[in-house]
1. Say we look at the stretch 581-593 and pick out the residues that are touching a helix residue (DSSP H, G or I) at 6+ places or on another chain (Cβ under 6 Å) and not acidic (Asp, Glu); which of these is modelled with the lowest pLDDT?
2. Could you give every pair whose Cβ atoms fall below 7 Å, whose first residue belongs to the stretch 58-70 and is within 19 Å of Ile525 (Cα to Cα), and whose second residue is open to solvent by less than 60 Å² (accessible area, probe 1.4 Å) and at pLDDT below 70, counting only separations of at least 6 or pairs across chains?
3. Hey, can you tell me all the residues within the stretch 78-110 that are crowded, with 22+ Cβ neighbours inside 10 Å and of a type in the set (Phe, Trp, Tyr)?
4. Do we find that Ala526 is assigned to a helix (DSSP H, G or I) and touching a helix residue (DSSP H, G or I) at 6+ places or on another chain (Cβ under 6 Å) in this structure?
5. Can you spot a residue in the stretch 391-410 that is crowded, with 24+ Cβ neighbours inside 10 Å and either at pLDDT 75 or above or of a type in the set (Asp, Glu) (or both)?
6. Are there any helices (runs of 4 or more DSSP H) wholly within the stretch 431-506 with 1 or more residues that are open to solvent by less than 10 Å² (accessible area, probe 1.4 Å), touching a Pro at 6+ places or on another chain (Cβ under 6 Å) and touching a residue at least 24 places away in the same chain (Cβ under 8 Å), and if so which?
7. Could you tell me which numbered condition Gly576 fails, if it satisfies all but one of (1) modelled with pLDDT of 90 or more; (2) at positive phi?
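The values are calculated or read from the model by the stated rules, or taken from the named source; none is laboratory data. A quick note: this is a predicted structure, and the numbers were derived from the prediction, not measured. Heads up, the Cβs are rebuilt from the backbone with ideal geometry, glycines too, and the neighbour counts pull from every protein chain shown. All accessible areas refer to the heavy atoms of the entire protein, side chains included, with ligands and DNA or RNA removed. Shrake-Rupley method; radii C 1.70, N 1.55, O 1.52, S 1.80 Å.
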Amino acid sequence: DDDDDDDDDVCSSSLCSSLWNTWWNESAWPGLGLFGESYLLFSLGLLKPFWAALYPDCFAYEAACSKNLLHSLTYSVVLGVIAGMLLLGYQANRIGRRRGSITTASFMAGGSIGLALSSFIFANNPSLLFQSMSALLFIFGIGVGGEYPLSSSTATEKAMGEMNKRLKNDLERDARRSNTTTIGPWNNAHPLYESEGVLQQQDHDQNDVGTKRGRAVQLVFLSQGIGIMANTLVLVFLLIVFGQYGSAIVDDGYSHEALLAIWRIVYSIGALVLTFVLVSRITYLKESDVWADDKDRREKLDRSTVVDVSDDAELDGPPAVAPALSTVSSLSAPSSVMLDDASEAPDYMYMSPESDKADASATPVRLLIRHFGMRMLGSSLSWLLWDIAFYGNKLFQSTFLLAITGANTTLLELSGFAALNAFVALLGYIGAAVLLDHPQAGRLRLQQYGFLITGALFVACGFLYDKLSSGWLVLMYFASSFVGQLGPNATTFLIPAEIFPTEMRTLCHGIAAASGKVGALTAAIAFNYIDNDVDMFLLSGYASFAACVVTFWTIPDVTNLDLYEIDRQWRMTLEGRRSAYVGDANKPEYMSHYERTQRGMHY
C-alpha cells in the first residue's frame, strides 16, 4: 500500500512538473526575450514625463537641451530595430537560429546594462545622459530587431516539428491497426509524405495541420504584452512605494530623488531579465531541427541534376506522369504518384513549364522575389502601416493618454491608465492565441477585420474628440488596443513566419518587420511635429484602413496549409522545375487574391 501511495505521489508530481515544463519551455522561456525588450522599449513612452520632471530645463519651451537630441531617443531605437531586423534576420538564415538568438540577446543585454548604468553615471549631466542613452538605445534596438524574426521563426519551426512527429505517430498507429506495414521509410523528415505512393495519404488530418501552429507562435508573442503590462505595473507600484502620488504632471510637486530611483529600478529590472536571457540561451538553447534539416537537404541538392526544359519540350497541359510532390527523403525527387491519380488533379494545380527556363539560372534571391515578391510586399506594407498606429501609440502613449485625460493628470494616474490599457491589450493577445487557428477566424480574417475595426475606432476618436467626454474617449482608445492586439499586432508577427520557405524565413520576416519599423519611424517623426491631438488619431486610423486593403489583396491564408509544402515547392523551384509541383501550396485557398488573379483562378 505504501508503494501504491508513493506511485500516486510520483504521478501527481510528474503531472505538475509536466505542466510547468510545458508552459516554461513552450511559451515563457522562448518569449522571455520579447518580454525583456518590450518591458524596456515601450517604457520610453511612459518615462518621458519622468524625465521632464527631472530635467525641466531640457523639456522647457526654451530648452537647454537640443530638441533633436530628445527626439533622437525615439529615432535611434527605431533605427537600431530596423538594422537588427535586416542584418540579424539575414544572418540567422546562414548561422542558424541558436547562434542568431544568442547574438540578439547579446545586443539586448549589453544595451540594457548600459542604459541602467547611464542613469547612475550621467544623472547630473542631462545632455551627456541623453547622448549616451541615444547610442545605447541604438545598440539595444539591434537586438530587439533580431528578436522578432528569430522568435517567430523558431516558434513556427518548433510547431512544424511537433506536427511532424504527431502525424508520423498517427500514421504508424493507423498502420498497426490495419495490420499493414508503415508507408515508406521513416526518418527525421516530414513523415506524411515520406512515400507518396498512396495519394490519399496527403489528406490525412489535413484540416488539423495548422490547428496549433498559430497558437504556439502567439503564446511566445504573448510575452510582449506581458512585458508591456509588467512595466506599467512596476511603475505604479514604485510610485506608490515612494509616495509619489503627486499633483499634475505639469507641476513641480515630485521628489526628484524618488523619480530618479524609480527610473533606475525600472531599467535595472530590464537589464537583469535580458542578462538571464543571454546566459540561459548560451547554456540551454538548441538549434532548430527544421532549419538544420532544411539546410542539410539544400546543401545536398546538386544543381547539375536540374531538369532541362528545352525549347521543343511540351509546354501545354500537365505532365504525363506528375512528378508531383518533392519528397523530403529524396530532396526533391519525383514521387511515385500513379498516373490515374495525378491526371485527376485540377488544372490549377499545374503551372506552365515556360517559367522553369528562367528559374534554372536564377539566384535564390531572384527566385524569392519572382515567386514570393508580392507576399513580401504585402506583409511588409501591412506591417509598416500598422506600426504607424501601434508604435505611434506606444512610443507616444503618454501623449495620447494626456490628450484624453487632460493636463491635470498625475504621474500615478497616467501610469494607472497605461496599466489598464496594457491589461486590455493583453486580453487581445490571449484572444488571438485562441482564434488564430479557429477555422471560422484564422490569420487573414483577424488581420483584415482588426485593421478595419481599429481604424474605425481611431477615426471616431478623432472626429468625436471635442464632442465626447474623456470617459468615452478612454473607452474607445482601450477598445482599439484590444482589437489591435487581437488582430493586426498578432498576425503581422505570425504571417511572415508562415508564407515563405524555411531557407528564407528569417530574412523575409526581418524585411517585413523592418518595414514595420519604418512605419514606427514615420510615426516617431510625424507625431513629434503634430500639435493637433485630433490629427494623431486620424493618422493612426487612416493607416489602419490602408493596411486592410493591402491585406485583402496580397496576403494568403495558410492557416491549414502544411508549411513543409512551401519548402517542397521551393526546393523544386531551386532545381528549375517548379512547374512539376502539384501539391497543396498550389491550391487557390492557400493563395492571395493577387496570386489567384495571376493564375486566372476564381475562388
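1. Initial filter on the stretch 581-593 (touching a helix residue (DSSP H, G or I) at 6+ places or on another chain (Cβ under 6 Å)): 581-586, 588, 592-593.
If we keep only those that are not acidic (Asp, Glu) too, we end up with 581-583, 585-586, 588, 592-593.
Details: Tyr581: 89, Val582: 85, Gly583: 88, Ala585: 92, Asn586: 90, Pro588: 91, Ser592: 94, His593: 94.
Per the criteria, the residue is Val582.
2. Nothing qualifies.
3. Phe107
4. For Ala526, the condition - assigned to a helix (DSSP H, G or I) and touching a helix residue (DSSP H, G or I) at 6+ places or on another chain (Cβ under 6 Å) - is not met.
5. No, because not a single residue in the stretch 391-410 is crowded, with 24+ Cβ neighbours inside 10 Å and either at pLDDT 75 or above or of a type in the set (Asp, Glu) (or both).
6. In the stretch 431-506, the matching helices (runs of 4 or more DSSP H) lie at 442-463.
7. (1)
Every residue, every condition in (1) modelled with pLDDT under 90; (2) outside any helix (DSSP H, G or I); (3) among the small types (Gly, Ala, Ser); (4) more than 18 Å from the chain's Cα centre (by Cα), yes or no:
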{"site": "Phe35", "(1), (2), (3), (4)": "no, no, no, no"}
{"site": "Leu69", "(1), (2), (3), (4)": "yes, no, no, yes"}
{"site": "Ile82", "(1), (2), (3), (4)": "no, no, no, no"}
{"site": "Gly89", "(1), (2), (3), (4)": "no, no, yes, no"}
